[in-house]
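Student: One structure, pasted below without further comment.
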Amino acid sequence: MIQKLLIANRGEIAVRIIRACREMGIKTVAVYSKADEESLHTLLADEAICIGPGPSKDSYLNMEQILSAAVVMQADAVHPGFGFLSENSRFARMCGQCHIKFVGPDPEVISRMGNKAEARKTMTEAGIPVVPGSREPATEWQAGKEEADRIGYPVIVKAALGGGGKGMRIVRVPEDFESQFHMAQRETESAFGDSSMYVEKYIENPRHVEFQILADEHGNVVHLGERDCSIQRRHQKLIEEAPCCAISEELRQRMGETAVRAAKAAGYENAGTIEFLLDREGNFYFIEMNTRIQVEHGITEAVTGIDLIKEQLRIASGLPLSVRQEDIRIHGHAIECRINAEDPERNFMPCPGVITNLHFPGGNGVRIDSAVYNGYQVPPYYDSMILKLIVCASDREAAVRKMRSALGELVIEGIHTNLDFQYEILCSRDYEEGNIDTSFIESHFAAGAGQAGRL
Ligand code: ADP
């Protein structure tokens, strides 16, 4: 079993991992930047070590520094959390070279699944349905356009190494292809330092439905049901729920079995997510695999009762999964709202600053995963998500009511947040009735155009 774990991350996910370790009797080492000296993860871990100045590239993305910390602190494993180095195959490989267990899949699997074009190829070969798309990635717009003309419009141009919804453009007519390709490519170059793009069919108003899987080194692979992550702004998730209210038990089984097959085809180990788009006719298509723990893992924990971080640590220790597929049952309905330090009135601009007053909701079925506290200074360097509010109730209607009540009770003062925006979504008739797809925010709020006001 892992004895001492270094957490190569910060914020709420670092705190979440520290808590799981404490329950399992695993010692923890936090790494922190100069801007995070007073952060909760720094204060809660058994030991903490500074790895550099505030900007991520000098600290949480500094592989050499983090690995030196792991060696000096004698950690035998590293948990990367999400974001930062979690999907960096070079980092995973370097951990192995230092005889430190990386809590995640093999570096080869990370790099194959991290490249969307490669991932599609693997899935197509395994007979998994994928969105019709380019055979090869393109760096020149002409090559991309040839593919688009073949596939048929509308299409979506994506960054091959993309993530976080960056470097993506929808093209509805051939005349717009060149300009949209260049825009997506420019964004891709600045975000990922790479210019390879690929083109796929744009599915109109789908739901984003993803399956959580767990795989151990003994060949056991299970799925823990699905999450509906259709409420997105600019292709980034805002609200997630489990289960998805639009799929039948038969479709759930079929999609779940497909997800397990996909994980096996990838040669996967540890926790991962298979993302699908589901169209109105009930067709589903693989879009990508995330080879790490997801932000929204808590809703799956709420409806299955399985602690995903503990499972990750068990798997990384070489133990078999603690559950079999036939033991996994979905109970009730869970919803998560991501609370971000950003200003919906100013195009959701990040709003770091000092939290002057804080009150958390509580009660049966309410969970908060956060690293903020009263007087905490939200640093300007990192992702703006500061809190995840998760509720779980007997059914969807009860969960929606519980979320409204919990959002109404949550107080965060001193900084702007998207709390009221979330509340408005929860109160909309279509949300309440489960009429949601990935165009929901655009079609219900002027937010698509920049403002938060209702259309
Ligand atoms: P990222 O890795 O940047 O998160 P994804 O490939 O996971 O990118 O896609 C993010 C979101 O973009 C999806 O949830 C969906 O809303 C939208 N999207 C991606 N591909 C398509 C497509 N082919 N058709 C329609 N929407 C898409």
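Student: Quick one: residue 178 ticks every box in (1) more than 11 Å from the ligand (Cβ to nearest atom); (2) assigned to a loop (DSSP other than H, G, I, E, B) bar one, so which box is it?
Tutor: The failed condition is (2).
Student: For region 190-204, give me each residue that is surrounded by fewer than 13 Cβ atoms within 10 Å (Cβ to Cβ) and either within 15 Å of the ligand (Cβ to nearest atom) or outside any loop (DSSP other than H, G, I, E, B) (or both).
Tutor: Those that are surrounded by fewer than 13 Cβ atoms within 10 Å (Cβ to Cβ) and either within 15 Å of the ligand (Cβ to nearest atom) or outside any loop (DSSP other than H, G, I, E, B) (or both): 190, 204.
Student: Considering only residues of region 148-175 that are farther than 24 Å from residue 82 by Cα and in a strand (DSSP E or B), which is nearest to the ligand (Cβ to nearest atom)? First the steps, then the outcome.
Tutor: The initial filter retains those residues of region 148-175 that are farther than 24 Å from residue 82 by Cα, namely 148-157, 169-175.
Filter once more, keeping what is in a strand (DSSP E or B): 155-157, 169-171.
Numbers: 155: 8, 156: 5, 157: 10, 169: 11, 170: 8, 171: 11 Å.
Residue satisfying both the conditions and the ranking: 156.
Student: Of the conditions (1) surrounded by fewer than 23 Cβ atoms within 10 Å (Cβ to Cβ); (2) under 29 Å from residue 324 (Cα atoms); (3) of a type outside the set (A, V, I, L, M); (4) within 11 Å of the ligand (Cβ to nearest atom), residue 237 fails just one. Which one is it?
Tutor: (2)
Student: Can I ask one more? Could you tell me whether region 212-222 includes any residue that is β-branched (Val, Ile, Thr), assigned to a strand (DSSP E or B), in contact with a Lys or Arg (Cβ under 6 Å, 6 or more places away or on another chain) and over 30 Å from residue 145 (Cα atoms)?
Tutor: yes
Student: Next question. When you check residue 255 against the structure, is it more than 13 Å from the ligand (Cβ to nearest atom), closer than 18 Å to residue 283 by Cβ and in contact (Cβ under 8 Å) with a residue 12 or more places away in the chain, yes or no?
Tutor: For residue 255, the condition - more than 13 Å from the ligand (Cβ to nearest atom), closer than 18 Å to residue 283 by Cβ and in contact (Cβ under 8 Å) with a residue 12 or more places away in the chain - is met.
Student: Go through 384, 439, 405, 394 for me and flag whichever is surrounded by 17 or more Cβ atoms within 10 Å (Cβ to Cβ) and touching a residue at least 40 places away in the same chain (Cβ under 8 Å).
Tutor: 384
Student: If a residue must be touching a strand residue (DSSP E or B) at 6+ places or on another chain (Cβ under 9 Å), more than 23 Å from residue 308 (Cβ to Cβ) and acidic (Asp, Glu), how many such residues does region 279-293 contain?
Tutor: Result for region 279-293: 1.
Student: So, one more: Being under 16 Å from residue 405 (Cα atoms) and more than 21 Å from the chain's Cα centre (by Cα) is the filter here, so list the residues in region 335-371 that pass it.
Tutor: Those that are under 16 Å from residue 405 (Cα atoms) and more than 21 Å from the chain's Cα centre (by Cα): 359, 360, 361, 362, 363, 364, 365.
Student: Right, something else. Name the one entry in 302, 271 that is part of a strand (DSSP E or B) and more than 16 Å from the ligand (Cβ to nearest atom). Reasoning before the result, please.
Tutor: On the way: 302 fails: part of a strand (DSSP E or B).
Result: 271 is the single residue among 302, 271 that is part of a strand (DSSP E or B) and more than 16 Å from the ligand (Cβ to nearest atom).
Student: Need the failing condition index for residue 210 against (1) charged (D, E, K, R); (2) farther than 26 Å from residue 441 by Cβ; (3) within 15 Å of the ligand (Cβ to nearest atom), just the number.
Tutor: Just one mismatch for residue 210, condition (2).
Student: Strands (runs of 3 or more DSSP E) wholly in region 337-455 with at least 3 residues that are within 22 Å of residue 207 (Cα to Cα) and not small (Gly, Ala, Ser) - which ones?
Tutor: 385-393
Each row is one residue, and each column tells you yes or no for (1) within 30 Å of residue 177 (Cβ to Cβ); (2) of a type outside the set (S, T, N, Q); (3) more than 24 Å from the chain's Cα centre (by Cα).
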site	(1), (2), (3)
64	no, yes, yes
68	no, no, yes
73	no, yes, yes
79	no, yes, no
86	no, no, no
95	no, yes, no
109	no, yes, no
118	yes, yes, no
146	yes, yes, yes
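Student: Listed residues 248, 317; which is under 25 Å from residue 114 (Cα atoms) and surrounded by fewer than 20 Cβ atoms within 10 Å (Cβ to Cβ)?
Tutor: 317
Student: Can you tell me how many residues in region 221-236 are charged (D, E, K, R) and farther than 14 Å from residue 277 by Cα?
Tutor: The qualifying residues number 2.
Student: Restricting to helices (runs of 4 or more DSSP H) lying wholly in region 13-104: which have 1 or more residues that are under 25 Å from residue 369 (Cα atoms)?
Tutor: 40-44, 63-72
FYI, it's all coordinate maths here, none of it is from the lab. Just so it is clear, the model here is predicted, and its values are computed rather than measured. Because the Cβ atoms are built from the backbone with ideal geometry, glycine has one as well, and the counts that use them run over all protein chains shown.
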